[in-house]
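Worksheet for the structure shown next.
The values are calculated or read from the model by the stated rules, or taken from the named source; none is laboratory data. Everything numeric in this text was worked out from a predicted model, so none of it was measured. All Cβ positions, glycine included, derive from the backbone under ideal geometry; neighbour counts span all protein chains shown. Note: accessible area is taken over every heavy atom of the protein model, side chains too, but ligands, DNA and RNA are not part of it. Shrake-Rupley method; radii C 1.70, N 1.55, O 1.52, S 1.80 Å.
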Amino acid sequence: MSTTTPASAAARPAGGSALRRAGERLRNGLGLIGPRHGRHGLPVQQLDALALPIGDDGVVAGVDAEGQPAVLGINRPTPYDVVLIGGLWTAQVLALRTAATGARVAVETGRPQAWMQMVHAMGGGQNGLAVYDVGRVPPQGASAGTPILVVRDCGMRPPRGRTVSGPWQSVLTLLPYLSPVAPRLLRQARLAGIQRVSPDEAAELGRTMGLSRAEVESLPTLPDGVTLWCTDRDRQYVMTQPTDAEIGLLGTPRRMD
């Protein structure tokens with residue numbers, strides 16, 4: 001007696017073999033079988049041209065001489081001290097932009113009225129910025145999930161206190177001019193910013209920080225909003241360009257307060 005085999009039954013061996021091959025691909029980590037596309041290849045000679053437009057992680061302090069964003073890596077897992085010899089306006093812009101990254105900002109100041117407009121604009125101290133009297137900054141509980149920037153706006157001679165840098169807590173000390181405590185603070189700092197100063201102050205900073213003659217001569221002529229940022233190895237002039245919102249809150253760039 002003859003038996004007719006259905007077409008579906010005849011196709012089972014081939015289908016079962018395809019399933020087995022797919023299962024082997026999955027076990028070997030090759031993933032699902034997707035649509036077939038041509039491979040993308042790049043000659044070795046062109047590797048240097050491959051680049052991604054991604055900069056450092058941090059706070060955009062402004063633009064450099066080439067118009068590229070200049071970024072300060074303020075939120076760090078290690079202690080980080082910054083000294084800014086300059087104006088309140090720049091310190092406030094940096095504080096505002098740091099808060100915009102999700103960090104909390106604690107301001108230690110002897111002139112709280114100068115910071116109140118920022119506090120009110122940011123929700124009365126509930127959204128990232130709080131102001132304290134000198135010597136009254138409580139422990140901030142810094143962590144990787146909640147980094148802290150402490151801004152010390154304590155005049156020419158900021159007192160020594162318990163507000164120190166630590167893991168995920170950076171400290172920015174604002175000095176309006178070069179003061180007797182500046183050399184000590186500059187030696188401790190990982191980053192220093194210098195705005196327009198007098199020729200005598202520029203000469204002193206040149207000796208303290210090992211600045212070049214051209215850098216020393218430039219300091220008394222820096223325009224408002226321009227800062228020379230210095231590390232042990234690098235020097236960079238940065239122009240802080242405010243947004244419309246920052247101008248509405250803080251005004252235009254200025255060296256004097």
Q.
Can you pull out every residue in region 128-163 that is touching a residue at least 12 places away in the same chain (Cβ under 8 Å), open to solvent by 30 Å² or more (accessible area, probe 1.4 Å) and under 19 Å from the mean Cα position of the chain (by Cα)?
A. ALA142, SER143, ALA144, THR146
Q.
Please go through region 164-176 and give me each residue that is buried (at least 20 other Cβ atoms within 10 Å of the Cβ) and not hydrophobic (A, V, I, L, M, F, W, C), ordered by number.
A. SER165, GLN169, SER170, THR173
Q: Inspect all residues belonging to region 166-179 and state whether any of them is of a type in the set (Val, Ile, Thr) and within 25 Å of the chain's Cα centre (by Cα).
A: yes
Q: Quick one: in region 102-117, of everything that is polar (S, T, N, Q) and out of contact with any strand residue (DSSP E or B) (no Cβ under 7 Å at 6 or more places or on another chain), which residue is modelled with the lowest pLDDT?
A: GLN117
Q) Can you tell me which residues in region 58-99 are acidic (Asp, Glu) and over 14 Å from the mean Cα position of the chain (by Cα)? A) ASP64, GLU66
Q | Index of the failed condition, GLN169 passing every other in (1) modelled with pLDDT under 95; (2) of a type in the set (S, T, N, Q); (3) within 27 Å of LEU250 (Cα to Cα) | A | (1)
Q | GLN92 vs. criteria surrounded by fewer than 17 Cβ atoms within 10 Å (Cβ to Cβ) and outside any loop (DSSP other than H, G, I, E, B) | A | no
Q: Return yes when SER179 is open to solvent by less than 30 Å² (accessible area, probe 1.4 Å) and modelled with pLDDT of 95 or more and no when it is not.
A: no
